[in-house]
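Colleague: Take a look at this one; I'll ask things after.
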Amino acid sequence: MRAQRREVSPPQRGEERARGEWLADTVDARLPLTDGVGRLLRKAFPHHWSFFLGELALYSLVVLVLTGVWLTLFFKPEMREVVYDGRYVPLRGVRMSAAFDSTLHISFDVRGGLLIRQLHHWAALVFVAAIGAHLLRVFFTGAFRRPREVNWVIGVTLFLLSLAEGFAGYSLPDDLLSGTGLRIAQGIMLSIPVVGTYVSMFAFGAEFPGQDIVPRLYSLHILLLPGVLIALVTVHLILVFYLKHTQWRGPGRTNRNVVGKPLFPHFTATSAGLSLLVFGVLTLLAGLAQINPVWTYGPYRPDQASTGSQPDWYVGFLEGALRLVPPWETAVAGHTIMWNVLLPAVVLPALLFLVLYAYPFVEQRLTGERHEEHHLCDRPRERPVRTGLGVAGITFYGVLLLAGGNDVVAQTFRISLNTLTWVLRIALVVAPVLAFMLTRRLCHALLESERQRLEEGVGTGDVRQTIDGGYESDHRPVEKFRPGAPRTPVSPPPAPDRHPDRRTGTPAQEPPAPAHRTR
């Protein structure tokens, strides 16, 4: 049986408590609220800025849905050829697909259409970025451990689906830039041994570009992928409510309780304010910062390619991987295996997401924590190996992202493109290793510095002379603590050969919950 964790709200003054009880009684007297709903409204949520990254993604998704519904009223997912006769004079008389024509119509002929288009695109970028940042927060604080492994898997799946959703929407206008991306996608499909040509024909319906790819992407973009995303977000939120939120260590915070603001009205007001802030900032970006000006690229033509084309940032690492791998090919039984496309665009992403899915289970098995529940967040410095691995992964991704724009970087700084490519190839192997070693060393140094600070106190700036004639500085006890920081001196970590948990970093300072104790 699982024992429930208590939820504790901050102490209130007598007047505030009376007002809250009066409000609860007033609501209960007028609405058919059961005790279960009442407990739900009193559910406590820890208050820290890092816990709002998931809500940032949620409200970006709301903006995406609202603006996406509006855009579907005007967009035509057709690849039949038409002659443009709209307000954008430079493209008048140019033959283009009906999809690109309707995109121009939304941008120049529909009142507020360009604002909504850009708001939709900015919301998509923020949505993917917020999910990525949220996953990083969960990773570095160890919030993926039992009993939240399923929620981690759902989060990684949401990130993967958001990438697919973004690429599908990015390709719908059928402009020269998105068409170039589709051409690259077709090359990736063709690189798959044996079945590559069948996959390409199934996706495009004919030889590239065909007539079916935009309608199929449209169905995925507005129906299938959003439905799955919303369903998974719903399950994710239900699990958060059921399993309760993780929290930083501190006075009164244990594995058995949750200390924070009640859902209503305190947390609801904070969350509502965040939603308005997200809507406002996205609208401001849409009105002031131009994004994806498809009219400057023109309609897609298979015999042309856009100069200096760059994809949205979330698929930039794939572009960089394609540019870094040398032109390796192997002929087997009359078939050519394009390693320079297969490895960076198929094998590498598959391995990256496989590592993300498997990491919680692998770490808990190596540390012997798979039978223990963890509801208190780790500080990154307390897990040097995990933190080092995370920073190494970010460094690996950063090198690939930089490589995705190596031509622009080379032209901007007037350096050799070949030299830059070789530097990035070497950095892709060396930089993550150096990042891991440096981060691990820095974590140990921070822990030692913190231990010394707690033992000796904070220097006051006063110096006094001792009886022996020497001098020593005066110290006072530490009074200010960051979230999760220990209040008492921490003993030095054990040697690696004396504690198995050293394989992934220093364990939490508070003893873990017994295997049989649950919430």
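The values are calculated or read from the model by the stated rules, or taken from the named source; none is laboratory data. Predicted model only: the values in this text are computed from it and were never measured. As a convention, Cβ positions derive from the backbone with ideal geometry for all residues, glycine included, and neighbour counts pool all protein chains shown. Each accessible area value is taken on the protein alone, full model and side chains, heavy atoms only, with ligands, DNA and RNA left out. Shrake-Rupley method; radii C 1.70, N 1.55, O 1.52, S 1.80 Å.
Colleague: What does a probe at L136 reach in segment 332-372, counting residues whose amide N is under 16 Å from the point 7 Å along Cα→Cβ?
Modeller: none
Colleague: Continuing with the same structure: Going by alpha carbons, how many degrees (0 to 90, nearest 10) lie between the helix axis of 417-456 and the longest principal axis of the chain?
Modeller: In the chain, helix 417-456 runs at an angle near 20 degrees to the longest axis.
Colleague: Follow-up question, since we're still on this one. Under a 1.4 Å probe, what is the accessible area of the chain per residue, stated in Å²?
Modeller: On a per-residue basis, the chain sits at 54 Å².
Colleague: Okay, next question. Looking at the calculated P(r) for segment 251-377, what percent of the C-alpha pair distances fall above 20 Å?
Modeller: 75 percent
Colleague: In addition: Number of Lys-Lys pairs in the chain under 26 Å by Cα, sequence gap 8 or more or different chains?
Modeller: 4
Colleague: Helix 113-141 sits at what angle to the longest principal axis of the chain, using alpha carbons and giving 0 to 90 degrees rounded to 10?
Modeller: 40 degrees
Colleague: Tell me, what is the FRET efficiency for A289 and Q452 to the nearest 0.05, using R0 = 56 angstrom and their Cβ-Cβ distance as r?
Modeller: Efficiency for this residue pair is about 0.75.
Colleague: Need one number: convex hull volume per residue for segment 32-105, Cα atoms only, in Å³.
Modeller: Dividing the Cα hull volume of segment 32-105 by its residues yields 177 Å³.
Colleague: With the full set of protein chains in place, find how many percent of the accessible area of the chain is carbon and sulfur; take the probe as 1.4 Å.
Modeller: The nonpolar share, carbon plus sulfur, comes to 65 percent.
Colleague: Can you compute the modelled spin-label distance between S416 and L66, with each label point 7 Å from Cα toward Cβ, in nm?
Modeller: 5.4 nm
Colleague: Any idea what the dipole of segment 90-201 comes to, in debye rounded to 20, about its Cα centre with Lys/Arg Cβ at +1 and Asp/Glu Cβ at -1?
Modeller: The dipole magnitude comes to about 320 debye.
Colleague: Where does the chain land on Rg/Rh, using Cα atoms and the Kirkwood Rh?
Modeller: 1.03
Colleague: By how many degrees, 0 to 90 and rounded to 10, does the Cα axis of helix 348-367 deviate from the longest principal axis of the chain?
Modeller: For helix 348-367, the angle is close to 20 degrees.
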